[in-house]
Each structure stands twice: as structure tokens, then as C-alpha cells.
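For reference, the structure is listed below as C-alpha cells.
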Amino acid sequence: MTTIFTLLFTFVGATILAMRHAPIMAWAGLFLTAMLIAFFSGAFGGLTLILLIAAIALALASVEDLRSKYFARPAFKAVSAIVPPVSDTEREALEGGTVGWDAELFSGAPDYEKLRAISPIRLSDDEQAFIDGPTETLCKMVDDWQVRASDREIPDEIWDYVRENGFLGMLISKQHGGLGFSAQAQSLILGKIASRSPDVSVIVMVPNSLGPGELIEKYGTEQQVEHYLPRLAAGKEIPCFALTGPTSGSDAATMRDIGIVKMGMHEGKETLGISLSWEKRYITLGPKATLLGLAFRLFDPENLMGDEEDLGITLALIPTDHKGVTIGNRHIPSGCAFPNGPNSGEDVFIPLEWIIGGKERVGQGWKMLMSCLAAGRAISLPSSSTAAAKAMLRFTTAYGTIRNQFGIPINNMEGIEERLSRMVETAYVLEAARAMTASIVQGGEKPAVISALLKYQSTEWARVAVNDAMDIHAGRAVCDGPSNYLQSAYQSMPVGITVEGANILTRTLITFAQGALRSHPYLYKEVEAINMADEQDGFEAFEPVLYGHIKYSLANIFGAFFHNITMGAFAHAPHRSGNSTKWYRSLSRASRNFALLSDVTVALLGGSLKMKQKISGRMADALSELYFISAILKRYEDDGQITGDLVFVDYSVQNALHRFYEKVEAVLQNYPTAVAGVLLRVLIFPLGNHHSAAKDRLGKAIVKKVLAEPDVRERLTHGVYISQDETDPTGILEVTMKEVVELAPVTKKLEKAIREGKIQRYHGNDWIGEATNEGILNNNEAERLRRLEKLTAKVIAVDQFEPAQIKGVAMRNEPENIPAE
């Protein structure tokens, strides 16, 4: 009994000290006290001796010189021997962004006041007016079928409108002729356009994302800023940025496109410049571009600029009509109509002044790109993916209300309800994450890790939402034509999955593999110290970080086990969290488990983590779920903690926790170090994994709420383009759904009469007239039902074509296939 009490006392004391990051002498005091309890209780033996030895060892470790000589110094040498050096491109990628809420999740003890400090959605009067005015007008102008099928081209009137109304300069400051809109406004504008036409959204998205405009604004010379930014803002220049080539896709840093510093002729004068040779592909807006941003590796073999020969990745601005530039051919990306194509050049001479940022920015191209990508990736695709998810929910709830099978609206079938519940969850969660992330960027951060996880998760979630919408619409969705409002989203989904870092790469190599290094509270500092040129300076920087890391690890070990055996009952939740308190506690507990697992995983795998991509991918998924839970809880608070919305929070968070622990379980089942895997399982799942997905009744409740309460449906799909025009494929959905809801009691009377055999409903028979004659319907009801019948017929109709219309037009030339090298 004494032994049990001593062990319990030691465990409780160690948990308290670990979670408070107590100094070494406090630990020595704990073990000494435990030893004395055991000794004076008559428990002489191994336990007493172990406690005494631990107390003495810790007391000696509290002596700074001894600790430094016999522990820190050997640890420094050991870690230096096993940690691989960080390459220049890796370092630039790591330093290209900032850390924020992701670091809180990695810490194991997130500070929720920092979460609350992230601004809710706020727009200026000008931004809101732009959404309600020009953006609405642009959406009305778009004929999706014309864009993606009839012409397979963005019409000139659309290009003219976006130019004249400043859509291409939303990112550019007002000082330089742009709109100077916030990240939140840009996200909402892009999303609204994407809900109408993914193709049109792309031509607005690209100039306001990673490309010449942002690069010039942040890094350009005064001359470049003054010349190009006003022209870009006014649409006088159409920009594109050429990064990807045939041999450098995801691994863009290995590009073979080169520039050689040399003397050459420019505008009739001998000038120091660069001879460029490149071959790029997949360049969006390339075929329409007038200004080409180009990434290449720069060499100076004659040392005309200094002593170094390999100057690194550099960026330049080249007018597309410059001599030697080959541009204009097109790819057809997944059948989409936005301009995308290859470009190339051989021995194209440009002056040094065309380098973005001038000579001072030579070799800094990768860092510049990563910095801009960290912010841009957080806005563009998450906005369009969120809009797609919301649009799919809006269209499908309308269609499912209108479409009847087996005498009931298909929305009432459990099989449909199952898909709809997932669509509701997707719309709610993605909007929460989109809004929070845009606010983070708006606050001045460049969240590299968050933008990576949100890009790959939002596009994957949107793909599922589109597929669910297609499945529910069934034949109505797969038959393409002018009335098909799902095909454009379906076609464009693979593009979003692929661009700005293909999802497989982003998930397995970037989000966790780089995130663990960047967002971990100590790891990157240790790596920096190890890589210092002077060993003594490195050790002096390493030692305090090492001690902090040890305290952090102990807090995770004891904290995770404690919260898991107490089921999170004592985990932290912020003040005024109300009905969401239990979910904050669950998030704190999950964060501690994630911190423990990531810390041990990185320590054991080190540089080989890049090769363990299944592990890193699952860890990225787990981190994503923590971020989604954070965003859900923040949205609930920002929306005013609407009691009726708690069902969405409960459903979404419970599912997120289920997926989180499912990924953790998968990591542990496949852990590369068996002993560590067993120990981690004891700490994380001491009582087993009991985190199940949300129950069916919750799924039924969220679907019922969206279908039965129009204001809820409006809020969950707010921000997408909504038409009330009966001649519009989506407008007729809205009009017909409203009629169906209003006439539900009348329809019910008619259906009852049909079931009872009083009325016969067949082709060629006027069943509404019969019902009127039988006194079942009055004349007004009959008139409205006839109109509803016509509307419904249009909604469920599919397009049909004469054979000659769909035979197709043969291309004048076969596509040019360049053999692989």
C-alpha cells in the first residue's frame, strides 16, 4: 500500500511540475520527498533507492557547470551528428512565412485568447459595395455554358469589365492605383465569382495571388513599382508567372531554366544583362499575358557581378512581346476555359534592371516566392473551394426539395440525408476555416503551414461536396448542357487539387514535415544553433533551447497521460466559452496528444521524416483537424453563439475529433519504432480510443434545420451568387423551391387524392383539372400548381442536342507532343 501511495504521490507531483515547467531543483525536491515518504513508511528496497538516486542526480544537474559539461555538451555533439544540414531552398521556404495559431497547436497548450484575438469578418464600406455592385454584376454577365463549352474562352466583354472595374488590382494598394482590398474582401469576392464560374474566377484570382503584382509591390524597385503597378491595376498589363517546367513540377527548385550574366545589346546599347533560356508549362493566363514573371537559376561564370558563379534562383519581369519570347499556345486543363499554356525562350537577352527588386534581389527568388505563396495560398483556392461547397449545398437542397421520388421529396430519404449532412458540415467547416485564415493574413501574417493545410484540405473537401451533389442529382448532373449548373465545378476540381502545390505533395512533404520544424516551439531554434558556423556560438544558442525542449517534452508526456486518463475533464477551456466548453477541453487534450506524438516522431525520425510520407501525411491530417476545430469554435463565438447553431458545432467537432484520433491511431499502428509506438499508445490511449463519429440523429438534425429554416440555409450559403431569374439554371431552382415550400399543403391534398384513386396522373391526362372539378383544388390553387408543374419540369429537364451539334470540330493540327527527356 505504501508503494502504491508513493508512486501515486510521485506521479501527481511530476505531472504538476511538468505542466508548470518547473526548475530542476523542484524535481529533485519531489523525488527526495517521495523517498522520505517511502523510507519513513517502512518501505525499504528498490523503490527507495531509485528515488534517492534520482533526487541526487537531479540535484547535481541543477549545478550549471556540471549540467553543461556532462549533459548539454554531449547532447549538442550527438544531435549535430544526426541532424542533416538544412539546404538553402529549405531554409528559404521555412523563413518565407510566419507562425501563429499553428504554433499554439504544436505547443500542446493553446492560448485561446490568441484565437479570440483573430479578427472576425470585417469589411470596409468600399469592399462591401464592391461585392454588392461590380461583383454581382460580373456574375450576372457570365454565361457558364458559353464560357466553358460553346466558346471555351472568356468573352472579351468579361475581360473588359474586370479590367475597367479594377478586379485585376484588388491586391495592389490604392497608392499605386489598385483597390487595396483586404485579404478577407479578396477571398469573398473570389468565392462569389467562383460560385458562378470557376473559369472567370481564375482570371481574377491569378493577378491577385502569386505573381508579378504582389512581387513588385513587396520587392520591386522604385522604377518597377511606379511603372508596372498602375498598369497592372488598370488592366493595361495582363500578368502571368512562369515557375513550373517539364522537369521541375513539385520540385520546382530543381529547375533547369537558366540565366547567364553577360554583356549584350539592349535598345541599341551594350548593357550588362542576362541571357535566358527556359521552357515552362501549365502557366495560367500565359496565352493572354502581356507581362511574364519568370523564375530561373542565375549563373555568373565570368564573375561580372562578383565572386560567386551560382547566384541562385532569381525572378525577372519580361514583356511577352520581347524578342525571343515564345508564348500563346494553350493547354486544356480538365476541359476548363481559362487561358493556360506553355512559354519558352532561348538566349533571350534582358537587362539587369528587369530583375524583380534589381541587383539587390539576385538569388533571393525562392524566398520571395515562398513568402508570397504563404499568404496567397491561404486565400485563392480556399475561397473558391469554400464557395463551391456552399454552392453545392444550396443547389442540392433546392433540387432535393423539388425532385420527388416514391411520392416524397428526395431530401426526405435517409440515403440522401446522409450525403446532405456531409455537405452541411463541409459548408460550415470550410467557411469557418476560410474566414479565420483570411483574417490571419489580413492581420499581417504569412501563415505557411496553415495555408498549406487549408489549401489541400479545402480542395479535397470541396471535391467530396461536388461528388455528393453529382450523386444526388444523378442523371440530371451527368448530362451536360446549358442548364447544367454542376459540371463547371466538377470539371475544375482536379485543377484546384493540382495547382499551388499538388495535394499529395502538400500533405506529405510540406504541412507536417516543414510544419514540425517551423511551428515546433524549440526544434527550429535547435537546428539553427547546430548549423551555426562557429561551434561555440552554436552551443551557447543550443543549450537554453535544449533545456526548454526537455521541459516541453515532459509537459507533453505527463500532460497527455493525465488528460487522457481523466478524459479531458481538467483540460483548459477559456472563460465565457458557454456551451462549447467541452469542445475547448477536447481541443486542449487533442493538442497535447498531438504535441507529444509530433515531438517524439520528429526526434526519432529526424531527417528521414521526409521519406516516411505516410506518417507525415497522417500527421498533417491530424493537425488539419485541430485547426478546423479551432476555426469552428471561433466561428460559433464570432457569430454570437447562436443557440440553434450549436448542433452544427457538435456535429462538426465530434467528427473532427473522430478523424483526428483515427489518424493518430493509424500513425501508432504503423510506427517505425515498435517500442516507442507501444509507449505512445499507453500515453495517448490508456483507456482505448473511444472517439466515435457523430451519431445519425445529429446528422438528421443539421439537415432538417437547413431544410426547415430558410434563414439558416441563407447563412450557411451566404456569399455565393444567387439568381432569382427563371431563365437562369440556378435562378429557376430558387424560384421553384420557394413555390414548392409555399404550395406544400396544396400538393399534399393532391397527392392524397391520387393515392386514393380519385385522380389519375398520367401523360395526356389533366389531373389538375380533374382535381379542380372534384372540388379538391380551388381555381387559384390549380393555377399555381400548373405553374409549379412547368417550373419543376424545367428544373428536372436535361439538355439534348441534335447529333450534328455534338459531333465536334476537329483541330486543325494534332497537339504537339514533346518527348520526355
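The values are calculated or read from the model by the stated rules, or taken from the named source; none is laboratory data. Every value quoted in this text rests on a predicted model; they were computed, and no experiment measured them. Cβ coordinates were reconstructed from backbone atoms using ideal geometry, including for glycine residues, and neighbour counts include every protein chain displayed. These area figures cover heavy atoms from the full protein model, side chains too; ligands, DNA and RNA do not enter into them. Shrake-Rupley method; radii C 1.70, N 1.55, O 1.52, S 1.80 Å.
A single entry from Phe338, Phe299 fulfils the requirement of being more than 20 Å from Gln224 (Cα to Cα) and open to solvent by less than 20 Å² (accessible area, probe 1.4 Å): Phe338. Kindly list the number of the only condition in (1) outside any helix (DSSP H, G or I); (2) at pLDDT 95 or above that fails for Ala533. If we test Ala533 against (1) outside any helix (DSSP H, G or I); (2) at pLDDT 95 or above, just (2) comes out false. Each residue in region 395-435 was checked for being touching a helix residue (DSSP H, G or I) at 6+ places or on another chain (Cβ under 8 Å), among the aromatic types (Phe, Trp, Tyr) and either open to solvent by 10 Å² or more (accessible area, probe 1.4 Å) or within 22 Å of Pro729 (Cα to Cα) (or both), and 2 of them qualify. Is it fair to say Leu546 is out of contact with any Asp or Glu (no Cβ under 9 Å at 6 or more places or on another chain), under 20 Å from Ala81 (Cα atoms) and hydrophobic (A, V, I, L, M, F, W, C)? Judged against the criteria, Leu546 is not a match.
I'm checking my understanding of the structure. Among residues of region 259-300 that are of a type in the set (Phe, Trp, Tyr) and under 13 Å from Gly363 (Cα atoms), which one is farthest from the chain's Cα centre (by Cα)?
Step one: list which residues in region 259-300 are of a type in the set (Phe, Trp, Tyr), which gives 278, 282, 296, 299.
After this cut, where a residue has to be under 13 Å from Gly363 (Cα atoms) as well, the list is 296, 299.
On the way: Phe296: 28, Phe299: 36 Å.
That would be Phe299.
Residues to consider are Ala631, Ala656, Ala693, Ala622; find the one that is over 21 Å from Ala388 (Cα atoms), part of a helix (DSSP H, G or I), touching a residue at least 24 places away in the same chain (Cβ under 8 Å) and among the hydrophobic types (A, V, I, L, M, F, W, C).
On the way: Ala631 fails: over 21 Å from Ala388 (Cα atoms); Ala656 fails: over 21 Å from Ala388 (Cα atoms); Ala693 fails: part of a helix (DSSP H, G or I).
Checking each option against the conditions leaves just Ala622.
Those residues that are out of contact with any helix residue (DSSP H, G or I) (no Cβ under 8 Å at 6 or more places or on another chain) and not hydroxyl-bearing (Ser, Thr, Tyr), I need them from region 568-599; list them, please. Steps first, please.
At the first step, the residues of region 568-599 found to be out of contact with any helix residue (DSSP H, G or I) (no Cβ under 8 Å at 6 or more places or on another chain) are 575-576, 578, 581-582, 585.
Scanning region 568-599 gives His575, Arg576, Gly578, Lys582, Arg585.
Does Ala316 count as surrounded by 20 or more Cβ atoms within 10 Å (Cβ to Cβ), more than 30 Å from Glu789 (Cα to Cα) and out of contact with any Leu (no Cβ under 7 Å at 6 or more places or on another chain)? Against the criterion (surrounded by 20 or more Cβ atoms within 10 Å (Cβ to Cβ), more than 30 Å from Glu789 (Cα to Cα) and out of contact with any Leu (no Cβ under 7 Å at 6 or more places or on another chain)), Ala316 does not qualify. Taking (1) at pLDDT 95 or above; (2) aliphatic (A, V, I, L, M); (3) not in a helix (DSSP H, G or I) in turn, Leu210 satisfies each apart from (1). Within region 351-371, restricting attention to residues that are within 18 Å of Tyr228 (Cα to Cα) and surrounded by 24 or more Cβ atoms within 10 Å (Cβ to Cβ), the residue that is farthest from the chain's Cα centre (by Cα) is Ile355. The single condition from (1) assigned to a loop (DSSP other than H, G, I, E, B); (2) farther than 19 Å from Glu153 by Cβ; (3) at pLDDT 95 or above; (4) open to solvent by 50 Å² or more (accessible area, probe 1.4 Å) that Asp307 fails is (3).
Scanning region 581-591 turns up one or more residues that are surrounded by fewer than 19 Cβ atoms within 10 Å (Cβ to Cβ) and at pLDDT 95 or above.
What do you reckon, is Leu190 aliphatic (A, V, I, L, M), in contact with an Asp or Glu (Cβ under 9 Å, 6 or more places away or on another chain), outside any loop (DSSP other than H, G, I, E, B) and in contact (Cβ under 8 Å) with a residue 12 or more places away in the chain? Spelling it out, it is not the case that Leu190 is aliphatic (A, V, I, L, M), in contact with an Asp or Glu (Cβ under 9 Å, 6 or more places away or on another chain), outside any loop (DSSP other than H, G, I, E, B) and in contact (Cβ under 8 Å) with a residue 12 or more places away in the chain.
Could we say that Lys114 is surrounded by fewer than 20 Cβ atoms within 10 Å (Cβ to Cβ), in contact with a helix residue (DSSP H, G or I) (Cβ under 8 Å, 6 or more places away or on another chain) and within 27 Å of Phe181 (Cα to Cα) here?
Details: surrounded by fewer than 20 Cβ atoms within 10 Å (Cβ to Cβ): yes; in contact with a helix residue (DSSP H, G or I) (Cβ under 8 Å, 6 or more places away or on another chain): yes; within 27 Å of Phe181 (Cα to Cα): yes.
When the stated conditions are applied, Lys114 passes them.
Do you know which residues across region 727-755 are open to solvent by less than 70 Å² (accessible area, probe 1.4 Å), outside any helix (DSSP H, G or I) and under 22 Å from Ser197 (Cβ atoms)? Before the answer, list the steps.
Applying the first criterion (open to solvent by less than 70 Å² (accessible area, probe 1.4 Å)) to region 727-755 yields 728-737, 739-740, 743-744, 746-747, 750-751, 753-754.
Now restrict to residues that are outside any helix (DSSP H, G or I): 728-730, 743.
Passing the criteria: Asp728, Pro729, Thr730.
Within region 79-125, the set of residues being outside any helix (DSSP H, G or I), modelled with pLDDT of 95 or more and more than 23 Å from Asp639 (Cα to Cα) comprises Gly108, Ala109.
On inspection, Asp151 qualifies as more than 13 Å from Ala185 (Cα to Cα), exposed (fewer than 13 other Cβ atoms within 10 Å of the Cβ) and either among the hydrophobic types (A, V, I, L, M, F, W, C) or in contact (Cβ under 8 Å) with a residue 12 or more places away in the chain (or both).
Report, by residue number, each residue of region 672-690 that is under 30 Å from Phe648 (Cβ atoms), surrounded by 13 or more Cβ atoms within 10 Å (Cβ to Cβ) and without any contact (Cβ under 8 Å) to a residue 40 or more places away in the chain. Asn689, the sole residue that qualifies. Close Cβ contacts (under 8 Å, 6 or more residues apart or on different chains) running from residues in region 322-345 that are under 20 Å from Gln487 (Cβ atoms) to residues that are open to solvent by 20 Å² or more (accessible area, probe 1.4 Å) and aromatic (Phe, Trp, Tyr) comprise His331/Tyr282; Pro333/Tyr282; Asn340/Tyr282.
Per this entry, Thr326 is counted among residues that are surrounded by fewer than 16 Cβ atoms within 10 Å (Cβ to Cβ), touching a strand residue (DSSP E or B) at 6+ places or on another chain (Cβ under 6 Å) and under 29 Å from Val202 (Cα atoms). Among the residues of region 436-455, those identified as open to solvent by 20 Å² or more (accessible area, probe 1.4 Å) and small (Gly, Ala, Ser) are Gly443, Gly444, Ala448. Enumerate the pairs (first residue in region 513-541 and within 20 Å of Ala452 (Cα to Cα); second residue anywhere and outside any helix (DSSP H, G or I)) with beta-carbon separation below 8 Å, excluding pairs fewer than 6 apart on the same chain, so at least 6 apart or on different chains. What qualifies is Arg518/Gly97; Arg518/Val99; Ser519/Val99.
Is it the case that Tyr228 is aromatic (Phe, Trp, Tyr) and in a strand (DSSP E or B)? In short, no.
Quickly run through region 464-478 and pick out the residues that are within 12 Å of Asp799 (Cβ to Cβ) and exposed (fewer than 15 other Cβ atoms within 10 Å of the Cβ). Correct list: Gly475, Val478. Among the residues of region 758-793, what is the count of those that are crowded, with 16+ Cβ neighbours inside 10 Å and either within 30 Å of Asp151 (Cα to Cα) or touching a residue at least 60 places away in the same chain (Cβ under 8 Å) (or both)? Matching residues across region 758-793 total 2.
Criterion first (assigned to a helix (DSSP H, G or I), at pLDDT 85 or above and either touching a strand residue (DSSP E or B) at 6+ places or on another chain (Cβ under 8 Å) or open to solvent by less than 50 Å² (accessible area, probe 1.4 Å) (or both)) does Ala55 satisfy it? Yes; evaluated as a whole, the condition is true for this residue. Select from region 8-52 the residues that are open to solvent by 40 Å² or more (accessible area, probe 1.4 Å), in contact with a Gly (Cβ under 8 Å, 6 or more places away or on another chain) and free of Cβ contacts under 8 Å to residues at least 40 places away in the same chain and list them in ascending order. Within region 8-52, just Thr33 meets the criteria. Please indicate, with yes or no, whether at least one residue in region 348-364 is assigned to a helix (DSSP H, G or I) and small (Gly, Ala, Ser). No, region 348-364 contains no residue that is assigned to a helix (DSSP H, G or I) and small (Gly, Ala, Ser).
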